[in-house]
Amino acid sequence: MKATWRIWLLVGAPQAAALPGQKANRTGGLYACPLTHEINDCKRVAIDEGVDLKKESKENQWLGVSVKSQGPGGKIVE
Ligand SMILES: *[C@@H]1O[C@H](CO)[C@@H](O)[C@H](O)[C@H]1NC(C)=O
């Protein structure tokens, strides 16, 4: 059996439209794209969902403007 390393390219999209739970129009976001020859297999990463509108607004927060990884198997820091 061969171990398969899944390699993902993480793409920050600071001007991406909001997810439905974020109650904003444009929050920015993060996409994960497996390194394949496909051009349409990126997935939106469901982070920072939900919002308490009394405390915060996620409008134009530029999520994804900087993305850091701790390396293989590590965590993503945004
Ligand atoms: C989203 O855009 C619409 C149309 O411009 C605006 O009426 C609405 O207030 C915006 N929503 C938020 C959460 O800012």
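Pick from the stretch 27-66 the residues that are charged (D, E, K, R) and crowded, with 17+ Cβ neighbours inside 10 Å: which of them is nearest to the chain's Cα centre (by Cα)?
Ranking the candidates gives D48 first.
Within the stretch 1-58, restricting attention to residues that are in a strand (DSSP E or B) and more than 20 Å from I76 (Cβ to Cβ), which residue is nearest to the ligand (Cβ to nearest atom)? Quick ask: steps written out before the conclusion?
Initially, the stretch 1-58 is screened for residues in a strand (DSSP E or B), giving 8-13, 17, 26, 28-34, 43-44.
From what's left, more than 20 Å from I76 (Cβ to Cβ): 17, 26.
Values: A17: 10, R26: 8 Å.
Looking at the filtered set, the residue picked out is R26.
Here, each number is a calculation from the coordinates, and none is a lab measurement. Bear in mind that the values here come from a model prediction, so they are computed numbers and not experimental data. Cβ atoms come from the backbone with ideal geometry, glycine included; neighbour counts cover every protein chain shown.
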